[in-house]
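Let me begin by presenting the structure, written as C-alpha coordinates, before commenting on it.
The values are calculated or read from the model by the stated rules, or taken from the named source; none is laboratory data. These numbers come from a predicted model, not from an experiment. A quick note on method: Cβ atoms are made from the backbone with ideal geometry, for glycine too, and the neighbour counts reach across all protein chains shown. Just the protein is used for accessible areas: all its heavy atoms, side chains included, with ligands, DNA and RNA removed. Shrake-Rupley method; radii C 1.70, N 1.55, O 1.52, S 1.80 Å.
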Amino acid sequence: MTVLLEKRRLIVSPGLAPAQLREEDKFGRPQHADVDLRIGLINNMPDAALQATERQFMRLLRQAAGDIRIDFHCFSLPSVHRSQTAKWRVDRQYTDIADLGRLRIDGLIVTGAEPVAAMLPEEPFWPELADIIDWAEGHTRSTIWSCLAAHAAVLHLDGIERHRLSAKCSGIYDCAKITDSWLTEGIASPLKIPHSRLNELRASDLAAHGYQLLTASPLAGVDIFAKKLRSHFLFFQGHPEYDALSLEREYLRDISRFLVGERECYPTIPAGYFDAYTENKLVVFERRARVERRPALSAELPDRTLRQDIAIGAAATLIFSNWLRYLSGDASAALPG
(Lines give C-alpha, C1' and ligand atoms only; values in the text may rest on other atoms or scores of the structure.)
Protein backbone atom coordinates (compact mmCIF):
# COMPACT_ATOMS: atom_id res chain seq x y z
CA MET A 1 0.00 0.00 0.00
CA THR A 2 1.23 3.50 -0.85
CA VAL A 3 0.88 5.83 2.12
CA LEU A 4 1.06 9.60 1.95
CA LEU A 5 2.30 10.73 5.34
CA GLU A 6 0.47 13.64 6.90
CA LYS A 7 1.31 15.64 10.01
CA ARG A 8 -1.31 13.61 11.76
CA ARG A 9 -2.59 10.21 10.70
CA LEU A 10 -5.12 7.85 12.14
CA ILE A 11 -4.09 4.22 11.81
CA VAL A 12 -7.15 2.01 11.67
CA SER A 13 -6.67 -1.71 11.19
CA PRO A 14 -6.59 -3.21 8.63
CA GLY A 15 -5.82 -0.04 6.63
CA LEU A 16 -4.71 3.53 7.11
CA ALA A 17 -7.05 6.50 7.08
CA PRO A 18 -6.19 10.17 7.65
CA ALA A 19 -7.46 11.70 10.86
CA GLN A 20 -9.84 14.64 10.70
CA LEU A 21 -8.02 17.61 12.23
CA ARG A 22 -10.14 19.66 14.58
CA GLU A 23 -9.13 22.70 16.59
CA GLU A 24 -10.62 21.39 19.83
CA ASP A 25 -8.47 18.26 19.87
CA LYS A 26 -5.42 19.32 17.90
CA PHE A 27 -3.15 19.23 20.92
CA GLY A 28 -5.19 17.23 23.45
CA ARG A 29 -6.10 13.59 23.64
CA PRO A 30 -8.25 12.41 20.75
CA GLN A 31 -11.85 13.34 21.50
CA HIS A 32 -13.51 10.84 19.20
CA ALA A 33 -14.27 7.45 20.73
CA ASP A 34 -12.66 5.44 17.93
CA VAL A 35 -9.12 6.60 18.79
CA ASP A 36 -7.43 4.57 21.53
CA LEU A 37 -3.73 5.48 21.48
CA ARG A 38 -1.48 8.31 20.45
CA ILE A 39 1.88 7.09 19.12
CA GLY A 40 4.88 9.23 18.24
CA LEU A 41 7.84 8.37 16.01
CA ILE A 42 10.95 10.54 16.37
CA ASN A 43 12.61 9.70 13.07
CA ASN A 44 16.28 10.68 13.10
CA MET A 45 17.43 8.36 10.34
CA PRO A 46 19.57 9.84 7.53
CA ASP A 47 17.87 11.33 4.51
CA ALA A 48 18.20 8.21 2.36
CA ALA A 49 16.30 6.15 4.95
CA LEU A 50 13.86 8.82 6.16
CA GLN A 51 10.80 7.77 4.15
CA ALA A 52 11.60 4.06 4.37
CA THR A 53 11.67 4.30 8.16
CA GLU A 54 8.27 6.05 8.17
CA ARG A 55 6.81 3.29 6.00
CA GLN A 56 8.34 0.50 8.05
CA PHE A 57 6.96 1.65 11.38
CA MET A 58 3.59 2.60 9.92
CA ARG A 59 3.33 -0.82 8.31
CA LEU A 60 4.17 -2.52 11.60
CA LEU A 61 1.64 -0.49 13.54
CA ARG A 62 -1.03 -1.16 10.92
CA GLN A 63 -0.39 -4.90 11.01
CA ALA A 64 -0.17 -5.01 14.81
CA ALA A 65 -3.10 -2.75 15.68
CA GLY A 66 -5.95 -5.23 15.44
CA ASP A 67 -9.01 -3.21 16.53
CA ILE A 68 -6.89 -0.52 18.23
CA ARG A 69 -7.18 2.94 16.64
CA ILE A 70 -3.95 4.94 16.62
CA ASP A 71 -3.36 8.66 16.25
CA PHE A 72 0.15 8.68 14.73
CA HIS A 73 2.63 11.57 14.62
CA CYS A 74 6.12 11.79 13.13
CA PHE A 75 8.79 14.10 14.55
CA SER A 76 12.50 14.68 13.91
CA LEU A 77 15.17 16.37 16.00
CA PRO A 78 16.05 19.78 14.47
CA SER A 79 19.75 19.19 15.16
CA VAL A 80 19.91 16.21 12.75
CA HIS A 81 21.50 17.52 9.57
CA ARG A 82 19.17 17.37 6.56
CA SER A 83 19.42 18.16 2.87
CA GLN A 84 17.06 20.85 1.65
CA THR A 85 14.73 18.24 0.17
CA ALA A 86 14.53 16.22 3.37
CA LYS A 87 14.21 19.35 5.49
CA TRP A 88 11.29 20.46 3.33
CA ARG A 89 9.61 17.10 3.92
CA VAL A 90 10.11 17.26 7.67
CA ASP A 91 8.96 20.88 7.89
CA ARG A 92 5.88 20.25 5.76
CA GLN A 93 4.78 16.77 6.80
CA TYR A 94 6.11 16.16 10.32
CA THR A 95 4.69 17.45 13.59
CA ASP A 96 6.88 20.12 15.20
CA ILE A 97 8.99 18.57 17.97
CA ALA A 98 8.02 21.56 20.13
CA ASP A 99 4.48 20.18 20.24
CA LEU A 100 5.55 16.82 21.66
CA GLY A 101 4.79 17.80 25.24
CA ARG A 102 1.26 18.96 24.41
CA LEU A 103 0.19 15.83 22.53
CA ARG A 104 -0.02 13.46 25.52
CA ILE A 105 1.82 10.66 23.73
CA ASP A 106 1.05 7.16 25.05
CA GLY A 107 3.90 5.35 23.30
CA LEU A 108 7.03 6.77 21.68
CA ILE A 109 9.49 5.25 19.20
CA VAL A 110 12.89 6.92 18.83
CA THR A 111 15.20 5.86 16.01
CA GLY A 112 18.93 6.15 15.73
CA ALA A 113 20.77 8.62 13.52
CA GLU A 114 23.83 8.44 11.29
CA PRO A 115 26.80 9.10 13.60
CA VAL A 116 29.22 11.90 12.75
CA ALA A 117 31.32 11.91 15.95
CA ALA A 118 33.39 9.26 17.72
CA MET A 119 31.61 9.79 21.06
CA LEU A 120 27.86 10.11 21.52
CA PRO A 121 28.01 13.26 23.72
CA GLU A 122 29.91 14.95 20.86
CA GLU A 123 27.06 14.39 18.39
CA PRO A 124 25.22 17.59 17.34
CA PHE A 125 21.91 16.01 18.36
CA TRP A 126 23.05 14.87 21.83
CA PRO A 127 21.54 17.71 23.93
CA GLU A 128 18.15 17.38 22.23
CA LEU A 129 18.17 13.59 22.45
CA ALA A 130 19.11 13.71 26.15
CA ASP A 131 16.15 16.03 26.74
CA ILE A 132 13.85 13.57 24.93
CA ILE A 133 15.09 10.71 27.14
CA ASP A 134 14.27 12.69 30.27
CA TRP A 135 10.90 13.78 28.91
CA ALA A 136 9.86 10.28 27.79
CA GLU A 137 10.67 8.79 31.20
CA GLY A 138 8.04 10.98 32.82
CA HIS A 139 5.49 11.45 30.06
CA THR A 140 4.98 8.15 28.21
CA ARG A 141 3.64 4.79 29.26
CA SER A 142 6.39 3.12 27.24
CA THR A 143 9.14 4.20 24.84
CA ILE A 144 11.09 2.12 22.32
CA TRP A 145 14.73 3.15 21.77
CA SER A 146 16.19 1.80 18.52
CA CYS A 147 19.86 1.12 17.73
CA LEU A 148 21.93 4.30 18.31
CA ALA A 149 19.04 5.78 20.33
CA ALA A 150 19.25 2.73 22.64
CA HIS A 151 22.98 3.32 23.07
CA ALA A 152 22.37 7.01 23.81
CA ALA A 153 19.59 6.28 26.31
CA VAL A 154 21.61 3.89 28.49
CA LEU A 155 24.61 6.22 28.40
CA HIS A 156 22.48 9.15 29.52
CA LEU A 157 20.56 7.16 32.15
CA ASP A 158 23.31 5.03 33.66
CA GLY A 159 26.61 5.98 32.08
CA ILE A 160 26.88 2.67 30.17
CA GLU A 161 29.37 3.02 27.33
CA ARG A 162 28.97 1.24 24.02
CA HIS A 163 31.93 -0.65 22.53
CA ARG A 164 33.23 -0.46 18.97
CA LEU A 165 33.04 -3.75 17.07
CA SER A 166 35.97 -5.05 15.04
CA ALA A 167 33.61 -5.43 12.07
CA LYS A 168 30.08 -4.22 11.41
CA CYS A 169 27.34 -6.46 12.79
CA SER A 170 25.07 -6.88 9.79
CA GLY A 171 22.64 -9.66 8.94
CA ILE A 172 19.68 -11.71 10.10
CA TYR A 173 20.37 -13.35 13.46
CA ASP A 174 18.58 -15.99 15.52
CA CYS A 175 17.81 -14.28 18.83
CA ALA A 176 16.66 -16.57 21.63
CA LYS A 177 14.32 -15.51 24.42
CA ILE A 178 16.18 -15.22 27.74
CA THR A 179 13.42 -14.01 30.06
CA ASP A 180 9.64 -14.27 29.88
CA SER A 181 8.11 -10.89 29.10
CA TRP A 182 4.82 -9.47 27.91
CA LEU A 183 6.76 -8.01 24.96
CA THR A 184 7.73 -11.41 23.54
CA GLU A 185 4.64 -13.35 24.62
CA GLY A 186 3.43 -15.75 21.92
CA ILE A 187 6.60 -15.45 19.82
CA ALA A 188 8.48 -18.60 18.92
CA SER A 189 12.13 -18.66 19.98
CA PRO A 190 14.49 -17.93 18.34
CA LEU A 191 13.32 -14.72 16.71
CA LYS A 192 14.90 -13.76 13.39
CA ILE A 193 15.96 -10.13 13.79
CA PRO A 194 17.98 -7.89 11.43
CA HIS A 195 20.99 -6.14 12.96
CA SER A 196 23.08 -3.37 11.42
CA ARG A 197 25.50 -1.52 13.70
CA LEU A 198 29.14 -0.70 14.36
CA ASN A 199 28.90 -0.73 18.16
CA GLU A 200 27.48 -2.93 20.88
CA LEU A 201 26.23 -2.85 24.43
CA ARG A 202 27.48 -5.74 26.55
CA ALA A 203 25.15 -7.96 28.52
CA SER A 204 27.28 -7.77 31.68
CA ASP A 205 27.20 -3.95 31.70
CA LEU A 206 23.43 -3.85 31.24
CA ALA A 207 22.71 -6.51 33.88
CA ALA A 208 24.93 -4.69 36.39
CA HIS A 209 22.72 -1.61 36.06
CA GLY A 210 19.39 -3.38 36.42
CA TYR A 211 18.41 -3.85 32.79
CA GLN A 212 16.45 -6.98 31.96
CA LEU A 213 17.78 -8.91 28.97
CA LEU A 214 14.90 -10.29 26.91
CA THR A 215 16.52 -11.72 23.75
CA ALA A 216 20.09 -12.32 22.60
CA SER A 217 22.07 -13.98 19.85
CA PRO A 218 25.30 -16.01 20.22
CA LEU A 219 26.66 -14.09 17.20
CA ALA A 220 25.05 -10.63 17.48
CA GLY A 221 24.96 -10.34 21.27
CA VAL A 222 22.20 -8.51 23.14
CA ASP A 223 19.09 -7.94 21.04
CA ILE A 224 16.13 -6.62 23.12
CA PHE A 225 16.38 -5.43 26.72
CA ALA A 226 14.19 -3.38 29.06
CA LYS A 227 14.08 -1.24 32.17
CA LYS A 228 10.97 -0.28 34.11
CA LEU A 229 11.17 3.34 35.22
CA ARG A 230 8.16 5.64 35.43
CA SER A 231 7.86 4.67 31.77
CA HIS A 232 8.62 1.14 30.61
CA PHE A 233 11.70 1.66 28.44
CA LEU A 234 12.35 -0.95 25.73
CA PHE A 235 15.65 -1.07 23.85
CA PHE A 236 16.32 -2.65 20.45
CA GLN A 237 19.93 -3.14 19.35
CA GLY A 238 18.52 -4.68 16.20
CA HIS A 239 16.00 -3.47 13.65
CA PRO A 240 12.85 -5.62 13.79
CA GLU A 241 11.12 -2.95 11.68
CA TYR A 242 13.37 -3.51 8.63
CA ASP A 243 11.79 -4.69 5.40
CA ALA A 244 13.27 -7.51 3.33
CA LEU A 245 15.57 -5.25 1.27
CA SER A 246 16.82 -2.90 4.01
CA LEU A 247 20.07 -4.76 4.64
CA GLU A 248 20.71 -5.10 0.91
CA ARG A 249 20.31 -1.34 0.43
CA GLU A 250 22.78 -0.65 3.26
CA TYR A 251 25.25 -3.20 1.92
CA LEU A 252 25.16 -1.73 -1.60
CA ARG A 253 25.50 1.79 -0.16
CA ASP A 254 28.61 0.74 1.77
CA ILE A 255 30.11 -0.90 -1.35
CA SER A 256 29.55 2.35 -3.26
CA ARG A 257 31.20 4.32 -0.47
CA PHE A 258 34.21 1.99 -0.62
CA LEU A 259 34.49 2.31 -4.40
CA VAL A 260 34.46 6.13 -4.29
CA GLY A 261 36.93 6.22 -1.39
CA GLU A 262 34.52 7.39 1.32
CA ARG A 263 35.33 4.36 3.50
CA GLU A 264 38.50 2.33 3.82
CA CYS A 265 37.10 -1.11 4.64
CA TYR A 266 35.09 -3.18 2.20
CA PRO A 267 31.76 -4.14 3.86
CA THR A 268 31.16 -7.68 5.02
CA ILE A 269 28.30 -9.63 3.46
CA PRO A 270 25.22 -9.52 5.74
CA ALA A 271 25.07 -12.79 7.69
CA GLY A 272 22.26 -15.25 7.00
CA TYR A 273 20.78 -13.00 4.32
CA PHE A 274 21.76 -13.89 0.74
CA ASP A 275 21.57 -17.42 -0.63
CA ALA A 276 24.79 -19.40 -1.03
CA TYR A 277 25.04 -18.80 -4.79
CA THR A 278 24.73 -15.04 -4.32
CA GLU A 279 27.31 -15.03 -1.50
CA ASN A 280 29.82 -16.78 -3.78
CA LYS A 281 29.26 -14.19 -6.52
CA LEU A 282 29.64 -11.35 -4.04
CA VAL A 283 32.93 -12.77 -2.76
CA VAL A 284 34.26 -12.85 -6.33
CA PHE A 285 33.10 -9.27 -6.87
CA GLU A 286 34.80 -8.15 -3.64
CA ARG A 287 38.14 -9.53 -4.80
CA ARG A 288 37.78 -7.61 -8.05
CA ALA A 289 36.68 -4.40 -6.27
CA ARG A 290 39.71 -4.45 -3.99
CA VAL A 291 41.99 -4.57 -7.04
CA GLU A 292 40.13 -2.28 -9.47
CA ARG A 293 38.51 0.10 -6.93
CA ARG A 294 36.64 2.64 -9.07
CA PRO A 295 33.12 4.13 -8.78
CA ALA A 296 31.85 2.77 -12.10
CA LEU A 297 32.38 -0.79 -10.89
CA SER A 298 29.20 -0.59 -8.81
CA ALA A 299 27.21 -0.93 -12.05
CA GLU A 300 28.67 -4.43 -12.47
CA LEU A 301 27.49 -5.87 -9.16
CA PRO A 302 26.05 -9.35 -9.65
CA ASP A 303 22.34 -10.08 -9.35
CA ARG A 304 21.33 -11.05 -5.84
CA THR A 305 18.84 -13.48 -4.31
CA LEU A 306 17.84 -13.53 -0.65
CA ARG A 307 17.56 -16.69 1.41
CA GLN A 308 14.05 -18.10 1.64
CA ASP A 309 14.07 -18.37 5.44
CA ILE A 310 14.89 -14.80 6.55
CA ALA A 311 11.30 -14.33 7.82
CA ILE A 312 11.52 -10.52 7.89
CA GLY A 313 8.74 -8.96 9.96
CA ALA A 314 7.25 -12.13 11.46
CA ALA A 315 8.51 -11.45 14.99
CA ALA A 316 8.21 -7.68 14.65
CA THR A 317 4.45 -7.74 14.13
CA LEU A 318 3.92 -9.76 17.30
CA ILE A 319 6.33 -7.57 19.28
CA PHE A 320 4.44 -4.44 18.29
CA SER A 321 1.07 -6.09 18.85
CA ASN A 322 2.13 -6.89 22.43
CA TRP A 323 3.43 -3.35 22.85
CA LEU A 324 0.13 -1.82 21.73
CA ARG A 325 -1.78 -4.12 24.09
CA TYR A 326 0.45 -2.98 26.94
CA LEU A 327 -0.13 0.67 26.05
CA SER A 328 -3.86 -0.01 26.00
CA GLY A 329 -3.71 -1.34 29.56
CA ASP A 330 -4.56 -4.92 28.62
CA ALA A 331 -4.01 -6.83 31.87
CA SER A 332 -3.28 -10.05 29.99
CA ALA A 333 -0.24 -8.36 28.46
CA ALA A 334 1.24 -7.33 31.78
CA LEU A 335 3.29 -10.42 32.44
CA PRO A 336 6.47 -10.19 34.51
CA GLY A 337 9.16 -8.20 32.74
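For the chain, what does -39500 (n - 2.57) per DSSP helix run (n ≥ 4), summed and divided by total residues, give at 222 nm, in deg cm²/dmol to the nearest 500? Walk me through the numbers on the way to the answer.
Details: 8 runs with 104 residues, N = 337.
So the helix-based figure for the chain works out to -10000 deg cm²/dmol.
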**Accessible-area composition of segment 41-94, carbon plus sulfur, in percent [1.4 Å probe]** = 49
**Item:** For segment 255-270, Karplus couplings with θ = phi - 60° (6.51, -1.76, 1.60), whole Hz, Gly/Pro x
**Value:** 4, 4, 5, 5, 5, 8, x, 7, 9, 8, 9, 6, x, 6, 5, x
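State in Å² the accessible area per residue of the chain; use a 1.4 Å probe, count heavy atoms of protein chains only, and round to the nearest integer. Intermediate results must be reported in sequence, preceding the final value.
On the way: 15100 Å² over 337 residues.
That works out to 45 Å² for each residue.
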**Complete:** Summing +1 per Lys or Arg and -1 per Asp or Glu among the other residues with Cβ less than 14 Å from T179's Cβ gives 0
**Prompt:** Given L213, I255, F235, which one lies farthest toward the positive end of the charge dipole of segment 179-320, if we put +1 on the Cβ of every Lys and Arg and -1 on the Cβ of every Asp and Glu?
**Reply:** I255
**Asked** Put +1 on the Cβ of each Lys and Arg and -1 on the Cβ of each Asp and Glu in the chain; which of V154, F75, S170 then has its Cα farthest toward the positive end of the dipole?
**Response** S170
**Fill in**
Here the net charge surrounding R89, from other residues whose Cβ is less than 11 Å away from its Cβ (Lys, Arg +1; Asp, Glu -1), is 0
**Prompt:** Which whole-Hz ³J(HN,Hα) couplings does segment 132-145 yield from phi under the Karplus relation 6.51 cos²θ - 1.76 cosθ + 1.60, θ = phi - 60°, glycine and proline marked x?
**Reply:** 5, 4, 5, 5, 4, 5, x, 10, 10, 6, 7, 10, 9, 10
**Asked** Share of segment 255-331's accessible area from carbon and sulfur, percent, 1.4 Å?
**Response** 51
**Item:** Residue (of M119, Q51, T140) at the positive-pole extreme of the chain, dipole from beta-carbon charges
**Value:** Q51
**Request:** Using a 1.4 Å probe over the heavy atoms of the protein chains, calculate the carbon and sulfur portion of the accessible area of segment 105-229 as a whole percent.
**Result:** 53
**Complete:** Scoring only Lys, Arg, Asp and Glu (+1, +1, -1, -1) among other residues with Cβ under 12 Å from the Cβ of S321 yields -1
**Asked** Once amide H atoms are built 1.01 Å from N in the peptide plane, which residues 5 or more positions from R263, or in another chain, come under 5 Å H to H?
**Response** F258
